[in-house]
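> I'd like to ask you about the structure that follows.
The values are calculated or read from the model by the stated rules, or taken from the named source; none is laboratory data. Everything numeric here is computed off the predicted structure, so don't read it as measured data. Cβ: placed from backbone, ideal geometry, glycine included. Neighbour counts: every protein chain shown.
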Amino acid sequence: MRPLVPVLSLLLALAGLAFGGWQWYSAREARQALAAMSPSVVDIRFAQFMSLHHHQAVVLSQMMRGTVSPGVLVLAETIRSEQQLELGEMRGWLRVWGQPHLPENRNMEWMLLGRTPPDDSLRQYLLDCRRAPSGMTGLATDAEVAELHHLQGKARERRYLELMLRHHEGGLPMARFAVDNAQHPAVRSLASRIVLDQQREVLGIRLMLAQMAATSAH
């Protein structure tokens with residue numbers, strides 16, 4: 001009787017090749033679909049500006065490796081891994097569209113190009129962006145990133161949560177705008193996922209900060 005191990009190995013190898021081929025075919029189909037539909041200004045600017053936003057979230061979260069508190073460590077690793085994947089996705093779109101990864105400036109006025117006239121909340125958001133040192137709300141300054149790097153223990157964890165809460169809250173209006181106004185289905189789909197994920201994380205961050213405050217009070 002022929003041994004089963006070589007046969008099983010062969011079957012697993014064939015299955016792996018088939019799966020790899022399916023992944024390659026799916027990726028090619030996705031690239032063709034992206035290239036077939038010309039992106040709108042909103043599609044391009046969202047990919048560029050949300051990439052900037054995601055890049056900082058990845059950097060801040062990488063700084064939390066080795067954190068003692070399991071809840072903060074899990075949150076940071078979740079944000080790092082999810083936003084790194086999304087960052088790669090958006091940069092892939094820009095490459096297919098022949099667009100630079102970075103916008104030529106930090107002007108957020110592209111958010112005036114929606115399907116409907118801007119409401120009061122959008123006008124206020126754009127005004128807040130103009131006033132922000134980085135040109136976008138929610139982004140930490142270089143001084144704040146340096147501060148986080150030098151803090152230790154619970155103080156570092158608390159500061160990370162505060163920065164990430166502001167970061168998410170600053171990026172959510174942009175994601176919601178893309179859900180309603182992006183032309184490409186892939187852009188709207190990713191924007192929807194960002195809204196859902198970050199709303200959930202905002203609730204978790206607020207809870208962790210409240211628990212830290214209660215512990216400090218006692």
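> Scan region 74-90 and give yes if some residue there is of a type outside the set (Ser, Thr, Tyr) and part of a loop (DSSP other than H, G, I, E, B), otherwise no. Steps first, answer last, please.
Taking region 74-90 and keeping what is of a type outside the set (Ser, Thr, Tyr), we get 74-77, 79-80, 82-90.
Okay, now just the ones that are also part of a loop (DSSP other than H, G, I, E, B), so none.
Scanning region 74-90 turns up no residue that is of a type outside the set (Ser, Thr, Tyr) and part of a loop (DSSP other than H, G, I, E, B).
> Hey, another quick one. Which of the residues belonging to region 75-104 are without any contact (Cβ under 8 Å) to a residue 12 or more places away in the chain and charged (D, E, K, R)?
Once the filter is applied, which keeps residues that are without any contact (Cβ under 8 Å) to a residue 12 or more places away in the chain and charged (D, E, K, R), region 75-104 yields 95, 104.
> Something else now. In this structure, is residue 123 in the same structural domain as residue 180 (by TED's automatic domain parsing) and over 21 Å from the mean Cα position of the chain (by Cα)?
yes
> Let me ask something else about it. Checking the condition at positive phi, assigned by TED's automatic domain parsing to the domain that holds residue 138 and modelled with pLDDT under 95, which residue from 71, 66 passes?
Exactly one residue qualifies, and that residue is 66.
> Would you check which residues across region 126-137 are at pLDDT below 95 and within 20 Å of the chain's Cα centre (by Cα) and list them?
132, 134, 135, 136, 137
> Here is a further query. Within region 105-151, can you find the residues that are in contact (Cβ under 8 Å) with a residue 40 or more places away in the chain and at positive phi?
The answer is 138, and nothing else.
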